[in-house]
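Reading through the structure tokens given below for one structure.
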Amino acid sequence: MKQKFAMFIRVISIPPLMVTYLLTLLYFFHEGVFADAGEFIAALTFLAIIPALAYPVAAIVPKLRAGGRPTQRKAAFVASVIGYIGGFIYGAATRISKPVLTILSAYLISLLMLVLFNKVIKIRASGHACSAAGPLLFLIYYFGWWMLLPSILVGWLVAWASVTLRRHTPTDLLWGALCSAAGFVIA
């Protein structure tokens, strides 16, 4: 039962869903972030839809499907790179609102931090923790300190699930969350 609950938490906290939760809450419950519905759709497309396309593509393309979960993870990372860079370029090239450009920038910077830690420095930083921490930081930033306790609870659940399923160590999770925090602060 514990394993199934941990897997449920991992699934509902995948990066495309976490950013979808954030953007949807901001769009419907916080004025001034999005100038119009087009900005909401653009941010959702670049930060959630394009990265999420990796999952059906990995299931459909025989070579990717044969690679199993590791190949699916690589495809998800590549799709995130495409979406985040595309989103930043779109945001920088248009008159998108400053808050949305900040979110797009934070996601790109967080991704670059993950690459720096995982590929260059060779310190394992959890992308899952990074993608959970970013939206939680933005929720606190935009909605206020009353979101701190719910954000801590969600962050703890995501960390617990990752450790329970042996996907990450607490250190991996900490480095991933720090990558997100750095992206948030820099943006």
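So which of 110, 105 is at pLDDT 95 or above, touching a Cys at 6+ places or on another chain (Cβ under 8 Å) and not hydrophobic (A, V, I, L, M, F, W, C)? Spell out the reasoning first.
Details: 105 fails: touching a Cys at 6+ places or on another chain (Cβ under 8 Å).
Being at pLDDT 95 or above, touching a Cys at 6+ places or on another chain (Cβ under 8 Å) and not hydrophobic (A, V, I, L, M, F, W, C) holds for just one of 110, 105, which is 110.
Name every residue in segment 148-187 that is surrounded by fewer than 17 Cβ atoms within 10 Å (Cβ to Cβ), among the polar types (S, T, N, Q) and not in a loop (DSSP other than H, G, I, E, B), in order of residue number.
164, 171
Given 86, 91, which one is farther than 18 Å from residue 177 by Cα, over 14 Å from the mean Cα position of the chain (by Cα) and crowded, with 23+ Cβ neighbours inside 10 Å? Show your work before the answer.
Values: 86 fails: crowded, with 23+ Cβ neighbours inside 10 Å.
Residue meeting the stated conditions: 91.
Only one of 27, 21 is closer than 23 Å to residue 184 by Cα, touching a residue at least 40 places away in the same chain (Cβ under 8 Å) and either part of a helix (DSSP H, G or I) or open to solvent by 80 Å² or more (accessible area, probe 1.4 Å) (or both). Can you tell me which?
21
Which one of these is within 18 Å of the chain's Cα centre (by Cα) and in contact (Cβ under 8 Å) with a residue 60 or more places away in the chain: 152, 140, 109? Quick ask: steps written out before the conclusion?
On the way: 152 fails: in contact (Cβ under 8 Å) with a residue 60 or more places away in the chain; 140 fails: in contact (Cβ under 8 Å) with a residue 60 or more places away in the chain.
Answer to the check: 109.
Sort through 11, 81, 61 and tell me the only one that's closer than 30 Å to residue 164 by Cα, free of Cβ contacts under 8 Å to residues at least 12 places away in the same chain and open to solvent by 30 Å² or more (accessible area, probe 1.4 Å).
Details: 81 fails: free of Cβ contacts under 8 Å to residues at least 12 places away in the same chain; 61 fails: closer than 30 Å to residue 164 by Cα.
Step by step, each of 11, 81, 61 is checked, and only 11 is closer than 30 Å to residue 164 by Cα, free of Cβ contacts under 8 Å to residues at least 12 places away in the same chain and open to solvent by 30 Å² or more (accessible area, probe 1.4 Å).
Considering each of 101, 47 in turn, give the residue that is in a helix (DSSP H, G or I) and either open to solvent by 20 Å² or more (accessible area, probe 1.4 Å) or small (Gly, Ala, Ser) (or both). Let's see the steps before the verdict.
Numbers: 47 fails: either open to solvent by 20 Å² or more (accessible area, probe 1.4 Å) or small (Gly, Ala, Ser) (or both).
So the residue among 101, 47 that is in a helix (DSSP H, G or I) and either open to solvent by 20 Å² or more (accessible area, probe 1.4 Å) or small (Gly, Ala, Ser) (or both) is 101.
Yes or no: residue 112 under 21 Å from residue 86 (Cα atoms), open to solvent by 40 Å² or more (accessible area, probe 1.4 Å) and in a helix (DSSP H, G or I)?
Details: under 21 Å from residue 86 (Cα atoms): yes; open to solvent by 40 Å² or more (accessible area, probe 1.4 Å): yes; in a helix (DSSP H, G or I): yes.
Spelling it out, residue 112 is indeed under 21 Å from residue 86 (Cα atoms), open to solvent by 40 Å² or more (accessible area, probe 1.4 Å) and in a helix (DSSP H, G or I).
Determine whether residue 163 is in contact with a Pro (Cβ under 8 Å, 6 or more places away or on another chain) and free of Cβ contacts under 8 Å to residues at least 24 places away in the same chain.
Working: in contact with a Pro (Cβ under 8 Å, 6 or more places away or on another chain): yes; free of Cβ contacts under 8 Å to residues at least 24 places away in the same chain: yes.
Against the criterion (in contact with a Pro (Cβ under 8 Å, 6 or more places away or on another chain) and free of Cβ contacts under 8 Å to residues at least 24 places away in the same chain), residue 163 qualifies.
For residue 19, all conditions in the list (1) at pLDDT below 90; (2) closer than 22 Å to residue 135 by Cβ hold save one; what is the number of the exception?
(1)
The values are calculated or read from the model by the stated rules, or taken from the named source; none is laboratory data. In this text the structure is predicted, and so the values were computed from the model without any measurement. Reconstructed Cβ throughout: ideal geometry from the backbone, glycine too, with neighbour counts over all protein chains shown. We work out accessible area using only protein heavy atoms, side chains counted, and drop any ligands, DNA or RNA first. Shrake-Rupley method; radii C 1.70, N 1.55, O 1.52, S 1.80 Å.
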